[in-house]
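**Student:** The following block contains the structure, expressed as structure tokens.
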Amino acid sequence: MNKDVILIVGSNGQLGTVLTEKLRLNYGAVNVIASDLYKKIGSEDNFITLDATDFKAVEEVVLKNKITQIYHLAAILSAKGEQNPLGTWDLNMKTLFNVLEVSRLHKVKKVFFPSSIAVFGENIDKENTLQSSNLTPTTVYGMSKVAGENWANYYFKKYGLDVRSLRYPGVIGYQSLPGGGTTDYAVDIFHKAVKNESFECFLDASTMLPMMYMDDVIRATLELMEADKEKLTIRTSYNIAGMSFNPEQIALSIKEYYPDFKIAYKPDFRQVIANSWPKCIDDTAARNDWNWKPEYNLNLMTKTMIENLK
Ligand code: VAH
């Protein structure tokens with residue numbers, strides 16, 4: 001069987017940084033090509049500068065390197081996306097169309113497309129948001145993910161392209177910083193705490209959101225991509241849950257290690273986005289189809305984050 005050669009589009013991002021490293025461990029560094037708009041210091045090996053809005057550029061990379069899998073991680077996130085709605089739509093959709101079309105035309109075996117809990121909005125049970133809950137996004141980012149899920153499903157049904165997707169909650173890890181998200185506070189808070197600095201939170205204390213520690217995010221992604229194709233019943237995007245907490249709860253867990261840690265709450269425009277999102281996600285389909293089970297709760301995440309950041 002031909003060996004797998006993997007292309008990561010958007011490898012410089014919060015998720016791409018960690019996923020690239022993990023995929024290189026699993027598939028061999030030479031078989032995992034990282035790509036982004038610019039080269040990041042310290043990540044030069046097996047890296048290609050790639051503007052994924054350019055169809056010909058994506059096609060050339062796939063053909064030249066005989067790519068068999070693509071992880072399409074490039075996107076403008078929820079908060080930053082609201083500052084330039086049409087530009088966000090254009091980038092998030094054009095890059096996805098290029099990845100889907102090139103994959104269809106050149107027989108890429110598998111494609112990963114990250115969706116998000118941002119696909120949800122009003123008219124849902126926020127305490128237990130189902131796989132089949134209404135998708136009424138309140139951000140352009142969320143709209144682009146709903147559209148992306150439907151395009152992924154279309155390419156699977158019409159062309160047989162094996163596109164797989166997860167509706168990520170807020171992602172928290174120590175290896176990389178998020179950029180432009182509504183859940184970024186849950187990463188920034190740790191960086192402040194380990195420097196004995198106080199933290200100003202852009203969400204109010206009681207804002208409960210679904211979150212997941214990076215190790216669980218990476219494992220869920222690889223377990224889905226390695227799952228038996230026949231077992232997958234969802235070809236839009238799987239709900240997936242790790243934990244749910246609010247800023248007050250994460251601050252309390254940090255105070256176990258830093259008793260003098262101080263947090264102030266100064267909600268900004270991101271509060272409106274967060275208020276439209278679920279509090280807790282039902283991921284029964286992921287558990288049934290490919291035995292998903294999270295391993296990190298809030299306390300274990302806090303312990304791990306602080307151990308690695310201090
Ligand atoms: C964001 N981190 O805040 C992303 C994610 C569920 C949140 O989609 O936009």
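**Student:** If you roll a 1.4 Å probe over the heavy atoms of the protein chains, what accessible area per residue do you get for the chain, in Å²?
**Tutor:** On the way: 13610 Å² over 310 residues.
Heavy-atom SASA per residue in the chain reads 44 Å².
**Student:** Which shape class, rounded, prolate or oblate, goes with the chain when its Cα gyration tensor gives a ≥ b ≥ c as root eigenvalues, a/c under 1.5 marks rounded, and past that a/b bigger than b/c marks prolate?
**Tutor:** Values: a/c = 1.66, a/b = 1.43, b/c = 1.16.
Prolate shape, in that a/c is at least 1.5 and a/b is the bigger ratio.
**Student:** Right, another one. Please report the base-10 log of the normalised intensity I(q)/I(0) for segment 4-84, using a Debye sum with one equal scatterer per alpha carbon and no solvent, at each q in 0.23 (1/Å).
**Tutor:** Taking Cα atoms of segment 4-84 as identical point scatterers yields -1.09.
**Student:** Further question: Cα-based Rg of segment 59-128 per 2.2 N^0.38 Å, rounded to two decimals?
**Tutor:** Details: Rg = 15.3 Å, N = 70, 2.2 N^0.38 = 11.1 Å.
Taking N as the residue count of segment 59-128, the ratio is 1.38.
**Student:** Using the Cα atoms of segment 217-310, I'd like the radius of gyration and the largest Cα-Cα distance, Dmax, both in angstrom.
**Tutor:** Cα only, segment 217-310: 16.9, 52 Å (Rg, Dmax).
**Student:** Identify which of P294, P259, P169 has the largest mean-square fluctuation in a Gaussian network model of the chain, with springs joining Cα atoms closer than 10 Å.
**Tutor:** P259
**Student:** Run the quick spin-label model on E127 and N153: label points 7 Å from Cα toward the beta carbon, then report their separation in nm to one decimal.
**Tutor:** Here the modelled spin labels are 2.8 nm apart.
**Student:** Let me ask you something else. State to the nearest 20 debye the size of the charge dipole of segment 194-303 about its Cα centre, where the only charges are +1 on K and R beta carbons and -1 on D and E beta carbons. Don't skip to the end; give the middle numbers.
**Tutor:** Working: 13 positive and 17 negative charges, 25 e Å.
My answer is approximately 120 debye.
**Student:** Moving on. Using amide H atoms built in the peptide plane, which far-off residues or other-chain residues are under 5 Å from D162 H to H?
**Tutor:** For D162, whose amide H was placed from the backbone, the distant partners under 5 Å are V111.
**Student:** Which GluC sites (Glu not before Pro) in segment 111-159 pass both tests, a DSSP loop state and at most 13 other beta-carbon atoms within 10 Å? Numbers along the way, then the final one.
**Tutor:** Numbers: sites: E122, E127, E149; in loops: E122, E127.
Sites meeting the loop and neighbour criteria: E122, E127.
**Student:** OK, next. Toward the positive end of the charge dipole of segment 219-291, about the Cα centre and with charges on Cβ (Lys, Arg +1; Asp, Glu -1), which of T236, P267, I281 goes farthest?
**Tutor:** Value: P267.
**Student:** Then there is this: Could you work out which residue, out of A75, A57, A186, moves most in a Gaussian network model of the chain, that is, has the largest mean-square fluctuation with Cα springs under 10 Å?
**Tutor:** Judging by the Gaussian network model, the answer is A57.
**Student:** Now for a separate question. If exposed chymotrypsin sites (Phe, Trp or Tyr not before Pro) are those in a DSSP loop with at most 12 other Cβ within 10 Å, what is the longest stretch of the chain that has none? Numbers along the way, then the final one.
**Tutor:** Numbers: sites that count: Y38, F269.
The answer is 39-268.
**Student:** Let me ask something else. Once you list every other residue whose beta carbon is under 11 Å from the beta carbon of I8, what net charge do they have if Lys and Arg are +1 and Asp and Glu are -1? Write down the numbers at each step before the final one.
**Tutor:** On the way: positive: K22, R24; negative: E21, D36.
Here the count lands on 0.
**Student:** At q = 0.21, 0.22, 0.28, 0.34 Å⁻¹, what is the log10 ratio I(q)/I(0) for segment 258-298, with the Debye formula run over Cα points and no solvent?
**Tutor:** Evaluating at q = 0.21, 0.22, 0.28, 0.34 Å⁻¹ gives log10 I(q)/I(0) of -0.87, -0.88, -0.98, -1.09.
**Student:** Right, next: Does segment 43-193 classify as rounded, prolate or oblate by the C-alpha gyration tensor (a ≥ b ≥ c root eigenvalues; a/c under 1.5 gives rounded; else a/b over b/c gives prolate, otherwise oblate)? Before the final figure, lay out the partial values.
**Tutor:** On the way: a/c = 1.89, a/b = 1.29, b/c = 1.46.
Taking the square roots of the gyration eigenvalues as a ≥ b ≥ c, segment 43-193 is oblate.
**Student:** Within a Cβ distance under 13 Å of P178, other residues only, what is the Lys/Arg minus Asp/Glu net charge? Show your work: numbers first, answer last.
**Tutor:** Working: positive: K80, R270; negative: D184, D188.
Here the count lands on 0.
**Student:** Roughly what % of Cα-Cα distances in segment 151-310 sit above 25 Å, to the whole percent?
**Tutor:** Values: 4558 of 12720 pairs.
In whole percent, the share of Cα-Cα pairs in segment 151-310 beyond 25 Å is 36.
**Student:** Quote the charge dipole size of the chain about the Cα centre in Debye, to the nearest 20; the model charges only the Cβ of Lys and Arg (+1) and of Asp and Glu (-1).
**Tutor:** 700 debye
**Student:** On to the next question. Might you report the magnitude of the Cβ-based charge dipole of segment 105-198 about its Cα centre, with Lys and Arg at +1 and Asp and Glu at -1, to the nearest 20 debye? Intermediate results must be reported in sequence, preceding the final value.
**Tutor:** Details: 11 positive and 8 negative charges, 125 e Å.
The calculated dipole for segment 105-198 is roughly 600 debye.
**Student:** Oh, and also: State log₁₀ I(q)/I(0) for segment 230-285 at q = 0.21, 0.31 Å⁻¹ as given by the Debye formula over alpha-carbon point scatterers of equal weight, solvent excluded.
**Tutor:** The computed values of log10 I(q)/I(0) come out as -0.94, -1.21.
**Student:** In addition: Only sites in a loop by DSSP and with at most 13 other Cβ atoms within 10 Å count here; which GluC sites (Glu not before Pro) in segment 222-310 make the cut? Provide the component values of the computation, followed by the final result.
**Tutor:** Numbers: sites: E223, E226, E230, E248, E256, E295, E307; in loops: E256, E295.
Those satisfying the criteria are E256, E295.
**Student:** 5 Å is the cut-off here: which amide hydrogens, built 1.01 Å from N in the peptide plane, fall below it relative to F199, excluding neighbours closer than 5 in sequence?
**Tutor:** Long-range HN contacts for F199: K262, I263, A264.
**Student:** Also, I was wondering about something else. Report, to the nearest whole %, how much of the accessible area of the chain belongs to carbon and sulfur atoms, 1.4 Å probe, protein only. Could the numbers behind the result be given before it?
**Tutor:** On the way: 7090 of 13610 Å².
With neighbouring chains kept in place, the figure for the chain is 52 percent.
**Student:** Still on this structure, I have one more. Please list, by residue number, every one of the trypsin sites (Lys or Arg not before Pro) in segment 252-298 that is coil in DSSP and has at most 14 other beta-carbon atoms within 10 Å.
**Tutor:** Details: sites: K255, K262, R270, K279, R287; in loops: K262, K279.
When the trypsin sites (Lys or Arg not before Pro) of segment 252-298 are filtered for loop state and at most 14 Cβ neighbours within 10 Å, K262 remain.
The values are calculated or read from the model by the stated rules, or taken from the named source; none is laboratory data. Quick caveat: nothing in here was measured; it's all calculated off a predicted structure. Here Cβ is always computed from backbone atoms with ideal geometry, including for glycine, and neighbour counts include all displayed protein chains. Protein only, heavy atoms only, side chains kept; ligands, DNA and RNA dropped before computing areas. Shrake-Rupley method; radii C 1.70, N 1.55, O 1.52, S 1.80 Å.
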